Structures are given as structure tokens and as C-alpha cells.
Amino acid sequence: MNNHRQLTGKTALYGIIGFPVTHSLSPVMQNAALHAGGIDGIYLPFPVLPEELSAAVAGLRALQVQGWNVTIPYKTAIMPLLDELAPTAQEAGAVNTVVNCNGRLVGHNTDGDGLISSLKRDLGVELSGANVLLVGAGGAARGALAALCRSGVRSVQVVNRTAAAAQALMQRFQAQFPAVIIRSCVINDLLPDLLAQSDLVINATSLGMAGEIIPGLDLAQLPGHATVCDMVYAPPLTPLVQLARSSGLQAANGLGMLAAQGERAFLLWHGHAPVPGCMETALVEYLDRLAKP
């Protein structure tokens, strides 16, 4: 990517809000896509303190920022600050993409469809009739659960560190998707037979970013055909992916999902898809450079 392209008064502004946000790879892939598409725009990270979220959203609107992504911890907190929620955001109960439509802020959720795309493309997962174990009950888990239910899975076991959040997620989605069996439990109460019945395990928490393992998750109990998806993408080889592969299981990190949800956000902002493959290529090249001494 040419880092010396000319910025002018016509350059459109895009970005991502979160706290922290310095670890985000979205600027890498979105700026690569802007450049590949010949679009006069730039994508920047905006760190926003929790007590300043409302002011930040008002500021982004006032500055006519054309669109932005939303990451931890604001995927649900931003919802009442927007003018409209698209069906994907309403269904998931979380927003990861905002489109500024001439001053009207519309929230979308591209996480779920990005996850489904990655599961099929990177792991060859057949979701119809599958039994899924979903770790987490936050904004990322909401988007994942909505998309999984839309994809025709048989069941989803939601496991979380706190029972209340997992139960609330289960109850909300069970009402929306009565054909899907949705259960919840605390991660430490996860029984071997639940793992033995799982076709797919998804980590929808931030555990692994700092090298943590997920306590109580014994991958040795999974059947041999099971696959593992870790939404964490930095480091590329997360503890969960490493454990899964050492157990002979197919596993992928969140890089494919990150690119796929980013492609959908790009489409919402620009009205057309990015150059095929440019986002994932930019991510892989960037991470390869970081890994070199």
C-alpha cells in the first residue's frame, strides 16, 4: 500500500472505536482495501474512554465521519446512541459497524455473517444440523449466536464465566429461534459429555490475546471430527488453536472472520465489495512483518 498518497479536503474519513483499540488490525485491512479500490478515504483508530462514548459518537457525527467499526467494550453500549438499527444488529443485540447516512447513524452487525463465511471457507464446516459449543456471552457471542441459529444448527451450548449472562443470552435467542436447542452453563461446570457431543467449538471471548487458556475447556473430550474456531487473531497462533491442533483437530484463528466481517462493512460503506482477497492478504503480510526479528 502506498503510504504517501495525497490527502485532501475531499478525503472521506472512516475508523474504529473501542478501548483499547491500538491492537486492532482493522486499519491495516481497510486502508489496503481503500487503496486497492482507488477510493479517496482513510481509516483511523479512535480510542474512546468509557465515560466519553456518547460524546465520541456525537463528535463522529458532527465531523461527518462516513462510517466506523465498533469493538470491545462498546458493541452493545453504542446501540441507544444510534438513530436506527438494521435487522442484523437488532437480532444480535450488538453493533459492530455504523453507517453515517447523511447524518443519520445506522447500526449493523457484520460479525455473524463474517463468522459463518470463515467457518465455511477456512474450516469447511457444515453448519446444518451441527451441535455448537459457544464460549462467551458478550457482544461477539451475540452476533455469533444469531448467525449460527440462522444457519440451521441443531443446538448451541453457551458457556460463560458467569451464569447470569449465559442464561440471558440463551433465553433471548431461544425465543427468537425456537427450532434451535439453546442451553447455557458456567465454564467450570462444563461436563465431558457436552464436549463429546460437540461438532464445533467457538471462542467468542478475548481470552487468548494475552496467552491465556480457557479454564475448564478440555479439548481432549471432543470427537475427532470436531473443529475449533478462535475469534482471537492476535497472536496468530492462540493457545486454543495450538491446543486443538496438538489434539489432531482442525482449527483456525479469527483472521478469516476479521477479513470477512470487514469486507461486509466495506460493502455497507461504499456500496460495492472490496477487491477480492485484498484484506486478508494485507493482514497476513502485516503479521508476517511483525513476526520477523
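Quick check on region 25-70: of everything there that is touching a Ser or Thr at 6+ places or on another chain (Cβ under 6 Å) and within 21 Å of residue 255 (Cα to Cα), which residue is surrounded by the fewest Cβ atoms within 10 Å (Cβ to Cβ)?
Applying the filter and picking the extreme gives 45.
Step by step: first the residues of region 190-226, then only those that are in contact with a Gly (Cβ under 9 Å, 6 or more places away or on another chain) and over 14 Å from residue 135 (Cβ atoms), then the one that is surrounded by the fewest Cβ atoms within 10 Å (Cβ to Cβ). Which residue is that?
Out of the qualifying residues, it is 224.
Identify all residues within region 9-24 that are modelled with pLDDT under 95, of a type in the set (S, T, N, Q) and exposed (fewer than 15 other Cβ atoms within 10 Å of the Cβ); write none if there are none.
If the condition is that a residue be modelled with pLDDT under 95, of a type in the set (S, T, N, Q) and exposed (fewer than 15 other Cβ atoms within 10 Å of the Cβ), then 22 is the only one that fits.
How many residues does region 151-185 hold that are surrounded by 15 or more Cβ atoms within 10 Å (Cβ to Cβ), touching a residue at least 24 places away in the same chain (Cβ under 8 Å) and among the aliphatic types (A, V, I, L, M)?
Residues that pass the stated criteria total 10.
From the list 78, 39, 116, which one is under 29 Å from residue 203 (Cα atoms), out of contact with any strand residue (DSSP E or B) (no Cβ under 6 Å at 6 or more places or on another chain), modelled with pLDDT of 95 or more and of a type in the set (Val, Ile, Thr)?
None of the others qualify; the one that does is 116.
Would you list the helices (runs of 4 or more DSSP H) that sit entirely within region 208-293 and hold 3 or more residues that are free of Cβ contacts under 8 Å to residues at least 60 places away in the same chain and within 17 Å of residue 32 (Cβ to Cβ)?
Once the helices (runs of 4 or more DSSP H) in region 208-293 are filtered for at least 3 residues that are free of Cβ contacts under 8 Å to residues at least 60 places away in the same chain and within 17 Å of residue 32 (Cβ to Cβ), what remains is 278-291.
Evaluate region 6-28: report whether one residue or more is out of contact with any strand residue (DSSP E or B) (no Cβ under 6 Å at 6 or more places or on another chain), in a helix (DSSP H, G or I) and more than 14 Å from residue 66 (Cα to Cα).
Yes - at least one qualifying residue is present in region 6-28.
The values are calculated or read from the model by the stated rules, or taken from the named source; none is laboratory data. The model shown is predicted, which means the values in this text are computed figures rather than measured ones. All Cβ positions, glycine included, derive from the backbone under ideal geometry; neighbour counts span all protein chains shown.
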